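Report on one structure; see the data block that follows.
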Amino acid sequence: MVVVDAGHGGHDGGAVSHGVIEKKLSLDIAKRLKQALEKAGVRVVMTRQDDSYLTLDERAAFTSRYKADAFVSVHLNTDGEGSDAEGIETYFAATTPLSARQLVSAEALSKKESPSASAEFAGVVQRLVCSTTKAGNRGTKARDYAVVARAVCPAVLVECGFITSASESVLIKQAEYRERLADGIARGVVLFLQGQPAKSPIVAAVAGAGDSAAVRP
Ligand SMILES: [Zn+2]
C-alpha cells in the first residue's frame, strides 16, 4: 500500500506562477501517479482526490491508518519571479520528531525503520523521475518537512519542477509531461518496493509484467 499525497488543496492553493496553480497540477500528477502505480499492481490510497484541504498531520496519518509501505507527496517548486532555477528535487526527513512519536504507536513507528530507508527511497525516486522526464537533477535533500517527517513509513516529497521557470512551467502545463513525471515517480516507487521486504502484496512481479498486470478480473 502506497499513500499518494497531492500537495495543498482547498484554501491552500500552494504556489502560483506562469498561470499554474500548484494545488491543481499537484492533484493532476498525483492522480496520474495513482494510475501508474495501480497499473504496476501497487495498491494506492490518495490523501485527497478533489480540491479539499487537509492538514499536514492528517496527510501523514494515512500512513499509520493504512499501514503504508511508502508515502509520496507531490509538489511543484518555486523560486523568485524571474529566476531561471529549474529541475526536480526530492526531499526526505532526516529525523522523526517527537510529535510523530506521540501520534502513532511504537509498532507503527518501528515500521519507519531508519531515516536511511527514506533517504534510499528518495534516491531511487529522484533517479527514475529525472531519467524518465530528462529534467535537471537537483538531487535529494534531507529536510524535516512535517508531512514526510510524521509519516510512519519511508516517505518522500517530490518537487516536480519550477513553475517560476518560464521554460519548465510550459512543460508542466502539458498533460503529456505530467504523465511522464508520474510515470517516473511510479517507476521509482516500484523499484524501491521491490527492494524492501514485502509487507503488503505487490501484485505479480512488476518487472516485465507489461499490460497483463493492468488487467482486472
Ligand atoms: Zn507545495
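Restriction of the chymotrypsin sites (Phe, Trp or Tyr not before Pro) in region 39-77 to DSSP coil positions whose beta-carbon has at most 16 other beta-carbons within 10 angstrom yields Tyr53. The candidates Lys67, Lys23, arranged from most to least accessible area with a 1.4 Å probe in the full protein assembly, appear as Lys67, Lys23.
The label point for Tyr53 and the one for Arg143, both projected 7 Å from the Cα toward the Cβ, are 2.3 nm apart.
Rolling a 1.4 Å probe across all protein chains gives Glu58 an accessible area of roughly 90 Å².
Computed over region 148-192, the convex hull of the alpha-carbon atoms projects to a mean area of 3.9 nm². Sparsely packed loop sites in region 138-183 (the trypsin sites (Lys or Arg not before Pro) outside DSSP H, G, I, E and B with at most 16 other Cβ atoms within 10 Å) comprise Arg143, Lys173.
The values are calculated or read from the model by the stated rules, or taken from the named source; none is laboratory data. Since we're looking at a predicted model, the values are computed, not measured. Positions of Cβ are generated from backbone atoms using ideal geometry, with glycine treated the same way; all protein chains shown enter the neighbour counts. Remember, those area values only see protein heavy atoms, side chains included, never the ligands or the DNA or RNA. Shrake-Rupley method; radii C 1.70, N 1.55, O 1.52, S 1.80 Å.
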